[in-house]
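Participant: If you scroll down you'll find the structure; I have some questions about it.
The values are calculated or read from the model by the stated rules, or taken from the named source; none is laboratory data. The shown structure was predicted, so the numbers you read here are calculated from the model rather than taken from an experiment. All Cβ positions, even for glycine, are placed from backbone atoms using ideal geometry, and neighbour counts span all protein chains on display. These accessible areas exclude ligands, DNA and RNA; they are computed on the full protein's heavy atoms, side chains included. Shrake-Rupley method; radii C 1.70, N 1.55, O 1.52, S 1.80 Å.
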Amino acid sequence: MRKFVLFALTIVSAIWWSCGGDSPSPTPPVTGGNEAPELSSFSPLTGKKGTVIKIQGKHFGSDASKVSLGINGLKATVNAVTDTEITAVVPDKCGLGKLVLAVNGKQVTSAAAFRYLYTATTSYFSGSGNVDGGYKDGPAQQSDFRTLYNIAMDSQGIMFAADLGNCLIRRIDTDGSTSTLAGAGTQAGFKDGKGDQARMSYPIGIELAQDGSIYVADHKNNAIRRVFSDGTLVTVAGDSAKPGAADGGLASAQFSEPYGVKLDKAGVLWICDAKNGLIRKLSDSQVSTFAGSTPGYADGKLRDAKFYMPVYLNFDQSGNIYVADKHNHCIRKITADGTVTTFAGTPTKNGFRDGEAAQAIFDQPCNIQIDKLGNLYVNDLWNHCIRLVYPDGYVTTLAGKGGTLGYKEGLGENALFHHPQGCVLDKDGNLFVTDSYNQRIRKLTVE
């Protein structure tokens, strides 16, 4: 019996020691939580909606719930995770941006950027398509225009357009139906008044103010006009009989064929004084010249720079100004320190070519819209297409076939336009285009 007890104690001791503190703990599952993730590469570098990318590196762990991936603040869908590879679907319309990967709250950013390849499907929105032009209000299919130029949209999706050939300001509702706000169809002139008593001569630029009124660049009247919600037209500055470039108060300031107008966040009205080759500002009842000198082409500081028919400008989220320099066939950029550079296009050379900023070619770019990610949507007038310019200046064609005019709905280059003049983005990122010689408004669903 004594021997049996000693034997039992020996066995129990052996078991206790085998489970004791000196034995190694079981290897925990890989979670990626102990070391910062390292991102060495990813592929592909470009892709459309639904593109699956593979990310290589280490310390990713194996728990997908602890991994997040974003591009330009937009969240990707993570499909699978191993300690050295992540598979994910890029977020829709994420633009050009670096990958930001987080594992257990520890973040790493890729060295390279992913370029989202946008597509656009063009469809009909409004206008009878009477190619000779006309003037008729009514439902979308019955509305007649005569060479629509720039267009603006309010928060409800209602658009206002400068109907240049009819010398009118038109309203286009969300169903495409059209009515007239100010002007008397085809009756040009220079007269303040209400509704059909008002007279304009080739209204081109248009911009909505916060109070619902509309600023108009009255091109041939060399003036800035304003239309209130009841259709009353008043002259803000300039005079049909006195073209010029004089700065000063509203009564003495002069313009020569102003084109595009744009309000900034502070309520300052910026004016593309096209024939003078100047960028002007209207603030506190004073007109001043911001950039440009004599018509031509030159980069440099504000008043040393030269533009040749600057026709439209817009602002990105950082306050940089982009100018459609129409007859220089390029997009110019004005930075906060007052430096004018060429952002995209080959200066003074017209044609059609996609590619890197300095190799791309336009033919009279005439409108610029900018989305929240800094992408520029450019109406390329004589190429009859819509171009997209990324924040690094790389140019692609979003809709239309470069140099080919016509009328056709469809995807990408299958769509055809004839002198697209103006455009505006809605809150969902769709682009509405005034297809001026087709006498229609088109809608581009961008994905």
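Participant: For the subset of the range 397-447 comprising residues that are over 21 Å from residue 203 (Cβ atoms) and among the basic types (Lys, Arg), which member is least open to solvent (accessible area, probe 1.4 Å)?
Facilitator: Quick first cut of the range 397-447, residues over 21 Å from residue 203 (Cβ atoms) only: 397-417, 425-431, 443-447.
Next cut, among the basic types (Lys, Arg) only: 401, 408, 427, 443.
Details: 401: 98, 408: 102, 427: 176, 443: 60 Å².
Per the stated criteria, the residue is 443.
Participant: Go through (1) surrounded by 18 or more Cβ atoms within 10 Å (Cβ to Cβ); (2) over 18 Å from residue 375 (Cβ atoms) for residue 296 and report which single condition fails.
Facilitator: (1)
Participant: Looking at the range 299-320, which of its residues are of a type in the set (Gly, Ala, Ser) and buried (at least 19 other Cβ atoms within 10 Å of the Cβ)?
Facilitator: 305, the sole residue that qualifies.
Participant: Then there's this: How many residues does the range 174-194 hold that are closer than 23 Å to residue 426 by Cβ and surrounded by fewer than 15 Cβ atoms within 10 Å (Cβ to Cβ)? It would help to see each step written out before you state the result.
Facilitator: Of all residues in the range 174-194, those closer than 23 Å to residue 426 by Cβ come to 174-181.
The next check asks that each one be surrounded by fewer than 15 Cβ atoms within 10 Å (Cβ to Cβ); those that pass are 174-175, 179.
Of the residues in the range 174-194, 3 are closer than 23 Å to residue 426 by Cβ and surrounded by fewer than 15 Cβ atoms within 10 Å (Cβ to Cβ).
Participant: Continuing with this model, one more query. Search the range 195-245 for residues being touching a Lys or Arg at 6+ places or on another chain (Cβ under 9 Å) and hydroxyl-bearing (Ser, Thr, Tyr), and hand back the single one that is surrounded by the most Cβ atoms within 10 Å (Cβ to Cβ).
Facilitator: Filtering the range 195-245 for residues that are touching a Lys or Arg at 6+ places or on another chain (Cβ under 9 Å) and hydroxyl-bearing (Ser, Thr, Tyr), the one surrounded by the most Cβ atoms within 10 Å (Cβ to Cβ) comes out as 215.
Participant: Considering only the range 252-266, I want to know if a residue exists there that is open to solvent by less than 30 Å² (accessible area, probe 1.4 Å), over 22 Å from the mean Cα position of the chain (by Cα) and not small (Gly, Ala, Ser).
Facilitator: There is at least one residue in the range 252-266 that is open to solvent by less than 30 Å² (accessible area, probe 1.4 Å), over 22 Å from the mean Cα position of the chain (by Cα) and not small (Gly, Ala, Ser).
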